[in-house]
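Just below is one structure, and these are the notes that go with it.
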Amino acid sequence: MQHKRQMCYHFFMKTLYFVRHAKSSWKNPRLEDFDRPLNGRGKRDAPFMAKRLKRFKVKPDLILSSPALRAKKTAQAIAKSLDLKVTYEPRLYEASVETYLQILQELDDLLEKVIIVGHNPEITQTCEILSDTILGNIPTCGIVGIECDVQSFKELEEGSGRVLFFDYPKKHL
């Protein structure tokens, strides 16, 4: 009987994959922050990390991204690899941790697995709050998978999740 209860328990879990955008270019100092593109390393890292997600059979129901160019390009690389479309959420650009949590709590409960592509330091802080784990810093194009012990995204709160993995490009050099 215990086994059946555990299976049902996992069915109701929500899984979030937080992706910090890939490395951006600072070549053109006249560009607004929002319009900074990926640099060479970022253009290599985004598809590499997307392939890692695919290799580990991460199949999200939604990719939600900041519309800033560097986040958009990162999200598009992931979407291409996973054969999905990206939804852009303007509030993810320059968002506070509170805004990240609000956006997450507004997600449709029919979704089970969601990728969020955003910016530091807020993406790291959001992961730390949800998982009650000290990560320190999610590097560019780093990914943190968090499984949340909730049936509804509205229930997300401090410590409601646990880190499944923390991966980033330099880990594979």
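The values are calculated or read from the model by the stated rules, or taken from the named source; none is laboratory data. Everything numeric here is computed off the predicted structure, so don't read it as measured data. Cβ atoms come from the backbone with ideal geometry, glycine included; neighbour counts cover every protein chain shown.
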Quiz prompt | Any pair with Cβ under 6 angstrom, 6 or more apart, that starts in the range 108-125 at a residue that is within 17 Å of Lys85 (Cα to Cα) and buried (at least 22 other Cβ atoms within 10 Å of the Cβ) and ends at one that is modelled with pLDDT of 95 or more and among the polar types (S, T, N, Q) | solution = Val117/Ser65; Val117/Thr74; Gly118/Ser66
Quiz prompt | Residue that is farthest from Glu98 (Cα to Cα), among those in the range 146-173 that are among the small types (Gly, Ala, Ser) and surrounded by fewer than 22 Cβ atoms within 10 Å (Cβ to Cβ) | solution = Ser152
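Condition check ((1) under 15 Å from the mean Cα position of the chain (by Cα); (2) more than 20 Å from His21 (Cβ to Cβ)) across all residues:
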| position | (1), (2) |
| --- | --- |
| Thr99 | yes, no |
| Leu104 | yes, no |
| Asp108 | no, yes |
| Leu111 | yes, yes |
| Ile115 | yes, no |
| Pro121 | yes, no |
| Gln125 | yes, no |
| Leu135 | yes, no |
Quiz item: Yes or no: Lys73 touching a strand residue (DSSP E or B) at 6+ places or on another chain (Cβ under 9 Å) and of a type outside the set (A, V, I, L, M)?
Solution: yes
Exercise. From Leu31, Leu64, Leu53, grab the single residue that is more than 16 Å from His119 (Cα to Cα) and under 13 Å from the mean Cα position of the chain (by Cα).
Key: Leu53
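If I go through the range 2-25 residue by residue, how many of them are at pLDDT below 95 and either touching a strand residue (DSSP E or B) at 6+ places or on another chain (Cβ under 7 Å) or part of a loop (DSSP other than H, G, I, E, B) (or both)? Give the steps one after another, and end with the answer.
Taking the range 2-25 and keeping what is at pLDDT below 95, we get 2-13.
When the remaining residues are screened for being either touching a strand residue (DSSP E or B) at 6+ places or on another chain (Cβ under 7 Å) or part of a loop (DSSP other than H, G, I, E, B) (or both), the result is 12-13.
Counting residues in the range 2-25 that are at pLDDT below 95 and either touching a strand residue (DSSP E or B) at 6+ places or on another chain (Cβ under 7 Å) or part of a loop (DSSP other than H, G, I, E, B) (or both) gives 2.
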Exercise. Among what's in the range 95-107 and is loosely packed, with under 14 Cβ neighbours inside 10 Å and in contact (Cβ under 8 Å) with a residue 12 or more places away in the chain, pick the residue that is nearest to Ala68 (Cα to Cα).
Key: Ser96
Quiz prompt | Matching option when the condition is touching a Pro at 6+ places or on another chain (Cβ under 8 Å) and either touching a residue at least 40 places away in the same chain (Cβ under 8 Å) or within 17 Å of Leu16 (Cα to Cα) (or both), among Leu82, Leu64 | solution = Leu82
Quiz item: Of the residues that sit in the range 57-84 and are touching a Leu at 6+ places or on another chain (Cβ under 9 Å) and part of a loop (DSSP other than H, G, I, E, B), which one is surrounded by the fewest Cβ atoms within 10 Å (Cβ to Cβ)?
Solution: Lys59
Quiz item: List pairs: first in the range 132-154 and without any contact (Cβ under 8 Å) to a residue 60 or more places away in the chain, second among the aromatic types (Phe, Trp, Tyr), Cβ under 7 Å, 6+ apart or cross-chain?
Solution: Leu135/Phe166
